[in-house]
Amino acid sequence: MVHVAYLMLLFPLAGFLVLLAFGRRIGDPVAGVIGTVAVGGAFVASCVVLAGLLGLPDTHRLVVHDYFTWFSAGGLSVPVGTLVDPLSMTMCMFVTFVSTFIHLYSIGYMKGDRDYSKFFIYLNLFVFSMILLVLADNLVLTFVGWEGVGVCSYWLVAFWFQRESAASAGKKAFIYNRIGDAGFLLAIFLLFEKTGTVQYESGPGGGIFHQLSHLGPGTATAAVLLLFLAATGKSAQIPLFNWLPDAMEGPTPVSALIHAATMVTAGVYLLCRMNPLLHLSADATEVIATIGAVTAFVAATIACAQQDIKKVLAFSTVSQIGYMILAVGSGAYIAAVFLMVAHAFFKGLLFLGAGSVIHGLEDEQDLKRMGALRRYMKWTTVTFTIAYLAIAGIPPLSGFWAKGDVLDNTFARYKPLWVIGVITAVLTAYYMSRLEILAFGGKERFDKPGPHGEAPLHTPHESPWVMRVPLVVLAFFAFFAGALDLPWVHTENLQSFLLPVFSGTLYNDGLGGKGEWYLAIVDIAAAFIGVIVAYMIWRDNRYDQPVYEPRFLQRVWYWDDFYDTIIGRPGQRLATFCAWVVDARVIDGAVNGTAHLVKLTGSAARRLQTGYARNYALGIALGMALIIAFMLSRTWWG
């Protein structure tokens, strides 16, 4: 059963190829059904492989299967193979499960779009690339999946490329990710040069993880920081987090799938996969933890002042990924994976709920033009509220357990960063409560003209069943996913399942039962403080309060302006100088000058070609006279 892991790849790849060949002829909604069935098949295959893995003893839950050699050059041999272990299967399970329901949701959301079939082509290719990234047994094949999800992200963010904002957002996402990819490539080169292999657990010398003794402290730190640079690009962390909020220009199912549940967790997965390497550098992991904590805090403050419902959720994603990076830097890899799984459920649900709101309000995304949607969209309200309570950290929902696990481990290792994490938890509960109140509470505002003279909106309507079913399913898991890692619920919990992958690299928090209870009380207090403060500020239809939405936060701490000042504008001036001076005058001038010189030389030489024999004879005579004179002069002076 474990050896059929390739089926997880073949199902979405087959869906991609069928839709690529026949998608336009099939059309709406059959193309969406085929894409959904293909990803659903990948989920079923994941269940089969997981069952086979669970049937093996704990010490044997690592199965590497190389199907063929992709290429071999010198000492480098790169196979196409899969690595099935608890970490890769945990990723495959939630990626395929959430992706299936987002595909189902998209059947209704994208109905009537002129590029309906193309949308599902991109989605199926994305799922294939994400599973390839997760299952790959070597760094080069991981990089292929890494680039695959990157290019699919570009296509999907810029899906409605007729809008200038969408086209720009796609390019911005592409460029930011390329910066991180450079770090990934350099890390691959460095590790291969030191270990002689790119395979994780097999190959020459037993793979990278068995050759780490060849790495000195400086080399290990450099490799970890290069991999972290890759993670900051893909997982939207400081200093490369700016692309993710702009990526909300894509269709909402894209936001749910790529920018909440799957692609943005790729960086966290990569760092978890390379945990034996991270264990060699305490300095690098401290940098990782610090960047994660700072990113979580900064993104949470920005989310407090956003008016676009999807922008709030986008910065919330950046903040939650920051928690995961904080956990990785603290050596709490299982806590990072636990939050990753819970986040896939509740953040995927939040984006789909936001999409349902946008669908019911004629594509309106401004929170200030919503209000009282609970009266018109009951299914969306209930499911969205469950996800909101989960991410806010209200017990007993999944977010409380997952975020608490991260904070407990951070407290044991980096107490100053734990303080930042708790403050961020308060802000999380605050901005999500603000969103909930402005969208679903208060009085109706959609029936009034917009702030810029927009016409009043029609009465909101609930989404069709094909969009409601994913909301209900994800709401169930957003509520109960915390049970995955509770030891008193079942013996085979997430921690015991993942433990063999991280054996020897986990940081022991050393917290006793009483210490964990005290920290849990702090977590609960943080969540309720955020909720209460938000209710006091925004209740009773207080939707327009600029004092709580400072421009500094609306402008993303002026981060984009800073990049524009030090990189964008100078780069534009440099490009203009190169275009009009270097290219037009120096390069073109040299080329055109050479041509002009040849032309002048030809014109001068042309005058000698008169066509008269007497002129040629005179020239020969003069030439001979000059030669004779030269020879005589050498005789005279010799």
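The values are calculated or read from the model by the stated rules, or taken from the named source; none is laboratory data. All of these numbers come straight from a predicted model, not from anything done at the bench. Here the Cβ is made from the backbone with ideal geometry for all residues, glycine too, and neighbour counts use every protein chain on show. Heads up: the accessible areas ignore ligands, DNA and RNA and are worked out on the full protein's heavy atoms, side chains in. Shrake-Rupley method; radii C 1.70, N 1.55, O 1.52, S 1.80 Å.
The stretch 393-419 and the stretch 25-43 have Cα centres lying 39 Å from one another. Stokes-Einstein, applied to the Kirkwood radius of the chain over Cα pairs at a viscosity of 1.002 mPa s and 20 °C, places its translational diffusion at 80 µm² s⁻¹. With all protein chains in place and a 1.4 Å probe, the accessible surface of the chain carries 68 percent carbon and sulfur. Note on the chain: helix-only mean residue ellipticity at 222 nm, from DSSP H runs of 4+ residues weighted -39500 (n - 2.57) and normalised by residue number, equals -22000 deg cm²/dmol. Karplus-derived 3J(HN,Hα) values for the stretch 176-183, using 6.51 cos²θ - 1.76 cosθ + 1.60 with θ = phi - 60°, are 4, 5, 5, 4, x, 4, 4, x Hz; glycine and proline are entered as x. Taking Cβ atoms as reference points and 15 Å as the exclusive limit, the residues near N592 contribute a net charge of 0, counting Lys and Arg as +1 and Asp and Glu as -1. In the chain, the longest principal axis of the Cα atoms and the axis of helix 333-360 are about 90 degrees apart. Residues R61, R542, R607 ordered from highest to lowest accessible area at a 1.4 Å probe: R607, R542, R61. Other residues within the sphere of radius under 9 Å centred on the Cβ of G207, judged by their own Cβ, net out at -2 (K and R +1, D and E -1). Ordering L350, C47, A21 by Cα displacement along the dipole of the chain toward the positive end leaves A21 in first place; charges were set at the Cβ atoms of Lys, Arg (+1) and Asp, Glu (-1). Each Lys and Arg Cβ is given +1 and each Asp and Glu Cβ -1; about its Cα centre, the chain then shows a dipole of about 1920 debye. With only Cα atoms counted, the stretch 82-227 has Rg and Dmax values of 18.4, 58 Å. Using only Cα coordinates, the Kirkwood hydrodynamic radius of the stretch 553-638 works out to 19.3 Å. Our estimate of slack between R375 and E193, defined as 0.36 nm per intervening residue step minus the Cα-Cα distance, is 59.2 nm.
Entry comment: accessible area of the chain is 42 Å² per residue, from protein heavy atoms only and a probe of 1.4 Å. Give me the distance between the Cα centres of the stretch 172-219 and the stretch 311-353, rounded to whole Å. One Cα centre to the other: 25 Å. Among the protein heavy atoms, those of Y269 account for about 0 Å² of accessible surface (1.4 Å probe, every chain in place). Distant-in-sequence amide contacts of W70, defined by a placed amide H-H separation under 5 Å and a gap of 5 or more residues or a different chain, comprise V78, V80.
Could you give the Stokes-Einstein D for the stretch 325-391 in µm² per second, using the C-alpha Kirkwood radius, 20 °C, 1.002 mPa s? The diffusion coefficient I find is 159 µm²/s.
Toward the positive end of the charge dipole of the stretch 469-625, with +1 on the Cβ of Lys and Arg and -1 on the Cβ of Asp and Glu, the farthest Cα among A590, I567, A604 is that of A604.
The string of couplings for the stretch 537-552 from the Karplus curve (6.51, -1.76, 1.60, θ = phi - 60°) is 7, 9, 5, 6, 6, 7, 9, 10, 9, x, 4, 9, 10, x, 4, 3 Hz, one whole number per residue in order, with x for Gly and Pro.
Placing dummy labels 7 Å off each Cα toward the beta-carbon, the span from S72 to L486 is 5.3 nm.
As I understand it, the value is the acute angle between the Cα axis of helix 309-329 and the longest principal axis of the Cα atoms of the chain; what does it come to in degrees, rounded to 10? The angle comes out near 90 degrees. Checked against a 32 Å cut-off, the cross-linked pairs K172/K443; K234/K514; K111/K347 give Cα-Cα distances beyond that limit for K172/K443; K234/K514. Rounded to whole numbers, the Karplus 3J(HN,Hα) couplings from phi for the stretch 94-109 are 6, 5, 5, 5, 5, 4, 4, 6, 6, 4, 4, 4, 5, 4, x, 5 Hz, using 6.51 cos²θ - 1.76 cosθ + 1.60 with θ = phi - 60°, and x at Gly and Pro. Protection proxy ranking for 112-120, 522-530, 70-78, using the average of other Cβ atoms within 10 Å per residue and placing the highest first: 522-530, 112-120, 70-78.
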